[in-house]
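For reference, the structure discussed in these notes is given below.
Computed from the coordinates by the stated procedures, all read-outs in this text should not be read as laboratory data. Everything numeric in this text was worked out from a predicted model, so none of it was measured. Counting neighbours? That spans all protein chains shown, and the Cβs are built from the backbone with ideal geometry, glycine included.
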Amino acid sequence: MPRPVSNPPNPWASTHVEWLEPPPAAALEIYEEEAKSILSSNDSPDLDFRWSVNPYRGCFHACAYCVAGDTPILMADGRTRPIRELRVGDDIVGTVVRGRYRRFTTTQVLAHWPTVKEAYRVTLTDGTTLVASGDHRFLTRRGWKHVVDDPRPSAQRPHLTTNDQLLGFGALGTPKPPCDDYRRGYLCGMIRGDGLLRSYHYDGRRRARDRVHQFRLALIDLEALGRTRAYLDHFGVSTHEAAFRVAAGYRPMRAVRTSARPQVDRVRELVAWPASPTAGWERGFLAGVFDAEGSHSRGVLRISNTDDAMIDRTEAALRRLGCDVVVERRDRERPIAAVRVRASARDRQRLLTTIDPAISRKRSIDGLALEGRDPLRVAEVTSLGVDLLMYDITTGTEDFVADGVIAHNCYARPSHQYLGFGAGTDFDRKIVVKTNAAALLRAAFGKPSWRGESITFSGNTDCYQPLEASYGLTRACLEVCAEYRNPVSIITKSMVVRRDVDLLARLARDARAMAWLSIPFARDDLARKIEPFASPPSRRFETLRALADAGVPTGIGIAPVIPGLNDADLPELLERARDAGAAHAFLILLRLPAEVLPVFRERVAEVLAPERVRRVEHALIELRGGSGKLDEAAFHARHRGVGERWRAIEQLFELHRRRLGLGDGPTHDGATTFRRPTRQLDLFA
């Protein structure tokens, strides 16, 4: 496993700092490893190289998110738990966009970790307060926003301001611990609602005992059955549990029961109507009757019963909690009434939190649309002036509900998952350095099986990210390639490649070398939003010129093409590349596998209005065949689209590429320049 570096080098203190962008707001975590191999073999027919070298795992950008450890997280069962107590595998509530609506859904905690960050307090007008780092993001009516602006003068990002409206419920609070009044109320609501409690005679028969006493409660939901039995035991009522026989085709049930007269009399005493119900009794009563006869589906919460006394008590208790209710009566074979709560999603959730019923499925909000009727306006964002221990998680939906509002979580990139990192800022901040990269490459070249095929730097992460200025692993590997005259190709977004112009020129002269600059955006400000810490396009074009002037063949990679965002920039990008000395060009359509999709959505949402974000996604779906997919995993189709719009993009690209005399890639006869250096015999050894 990679070893953490306690005192890592600072690339911004190197002699090559002029090729680096401003340092990040948060420190990188560096891990060093003695890798077992350095050459990666590619079997994909969509890539024009077989071998690649990746001196680094992970890639530097700029994201960090976290909230205070006591922040309550909404669980899938409708309850909350402090984020510090979450564990990998826990089921919590996230959101997913389905059609026109963002809906709540159950998702899992995939990763969980602590960190220390400067703390900020976000206060909402409804009294909700959240403590989070400045880099944390919350969902507003205008998309995802960070808590505060980027602290660097040269950088900007969407951030919370007064009157921004967050989406969610707001603080739900925590249920009060059960008291004896609550327990009595729960037993009353549950047993009167769904239990059997009676004493009767067998008149006219000769029996040793002609009076029978019976208490029985049979339920499908074991959570409510277990709570009822525990509360009865608390008050000294002994029961036994057994399977309850049901008709074929019905779900199995369990029952608790007793036939002892003292026990049945005690139950009857516990469920008697109180003369003056306390607030605790009414909360317990509502929880019990909801578990027994309540429902919560499609945004409607109601409690039904055939007993008018139960309906009256339910209505009165709900009104005393401030609920707006209506009683609906239906005339059937047995008249039945229902108390329906007329409330927003926020008020329904707060009611359920207050009364705390036992049955999880009835508290679930899975599938409900996220409403915007209850504005959660930002009243104030203030720094607490201290660093606090905070926590973050990765979830399957890339978000979670923190203290009643929708919060963004971290995401993982596919290449980082098998390292045991795999979450959010891990890919951006936890960079693994293969310190023995050059030695491994030299050993690979020394094997008789190596035939001198071209090697691409890098096939996965940028080989010229900022740490290269300190570690120099890419340069060390290129020196090995120069020694063995092995052909190389570079793909990078970074100006740090200019440090190695001399070495690349030597490789271009003695072997074959090609440098590709990935430049998908023409405007520096747009690129800064999508690729926060990559070199701006203007500096990448300067880098193309420096490499070309040194005799290194260069090209531009317009990757990715994002329909509706940068496809109109193709002519300008190609023309600027030609003017900077580029001789070749290629383009690749945006890919959005599951691990990358949240990155795309969050970055584009920071640049465009929500309606335009939707148009971009719809255009991408169109280019993927109109099947609703945003990605295509099949070979030969992953990097290009289909349909008229994609043909128009390709034709625009090809028209200007040919007009400017740019090739689609270097060609060669297949011969290799590779040779193993001979060692001079030391006659004086």
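Fewest Cβ neighbours within 10 Å first, please rank HIS656, HIS201 accordingly.
With the sparsest Cβ surroundings first, the list reads HIS201, HIS656.
What are the ³J(HN,Hα) values, in whole Hz, obtained from phi via the Karplus relation 6.51 cos²θ - 1.76 cosθ + 1.60 with θ = phi - 60°, for each residue of the range 265-276 in sequence order, with x given for Gly and Pro?
Residue by residue, the range 265-276 yields 4, 5, 4, 4, 5, 5, 9, 5, 5, x, 5, 10 Hz.
If you average the alpha carbon positions of the range 492-538 and of the range 161-193, how far apart do those two centres end up, in angstrom?
Cα centres, the range 492-538 to the range 161-193: 57 Å.
Would you work out the charge dipole size for the range 180-359 about its Cα centre, treating the Cβ of every Lys and Arg as +1 and the Cβ of every Asp and Glu as -1, and quote it to the nearest 20 debye?
Dipole magnitude for the range 180-359 comes out near 500 debye.
Which of the listed residues, VAL97, THR125, LEU86, is farthest toward the dipole's positive end in the range 84-137, when Lys, Arg count +1 and Asp, Glu count -1 at the beta-carbon?
Projecting each Cα onto the dipole axis, the largest value belongs to VAL97.
Give the lysines reachable from LYS362 as a straight Cα distance under 25 Å; neighbours fewer than 8 places away on the same chain don't count.
LYS176
Hey, if you put +1 on the Cβ of every Lys and Arg and -1 on every Asp and Glu Cβ in the range 180-359, which of SER199, THR278, VAL339 ends up farthest toward the positive end of that dipole?
Selected residue: SER199.
Per residue of the range 122-127, in order, report the coupling 6.51 cos²θ - 1.76 cosθ + 1.60 (Karplus, θ = phi - 60°) as ³J(HN,Hα) in whole Hz, putting x for Gly and Pro.
With the stated coefficients, the range 122-127 comes to 9, 10, 9, 5, 8, x Hz.
Run the reach check for LYS434 against lysines, Cα to Cα strictly under 26 Å, same-chain hits fewer than 8 apart removed. What comes back?
The reachable lysines, counting only those whose Cα sits under 26 Å from LYS434, are LYS36, LYS447, LYS493.
Can you give the net charge of the other residues whose Cβ lies under 9 Å from the Cβ of LEU197, counting K and R as +1 and D and E as -1?
Spelling it out: positives minus negatives among the neighbours equals +4.
Using modelled amide H (1.01 Å from N, peptide plane; none on Pro or chain starts), what sits under 5 Å from the amide H of ALA511, excluding residues fewer than 5 places away?
Residues meeting the amide H criterion: none.
Sort LEU225, LEU655 by Cβ crowding within 10 Å, fewest neighbours at the top.
LEU655, LEU225
Taking the Cβ of SER538 as the centre, find all other residues whose Cβ is under 10 Å away and add up their charges (Lys, Arg: +1; Asp, Glu: -1).
Summing Lys/Arg as +1 and Asp/Glu as -1 gives +2.
Is the C-alpha gyration tensor of the range 180-359 telling us rounded, prolate or oblate? Criteria: a/c under 1.5 is rounded; beyond that, a/b larger than b/c is prolate, otherwise oblate.
Here the range 180-359 falls in the prolate category.
Would you grab the residues whose amide H sits under 5 Å from the one on ILE393? Only those 5+ places off in sequence or on another chain, please, with H modelled 1.01 Å from N.
Answer set, sorted by chain and number: CYS410.
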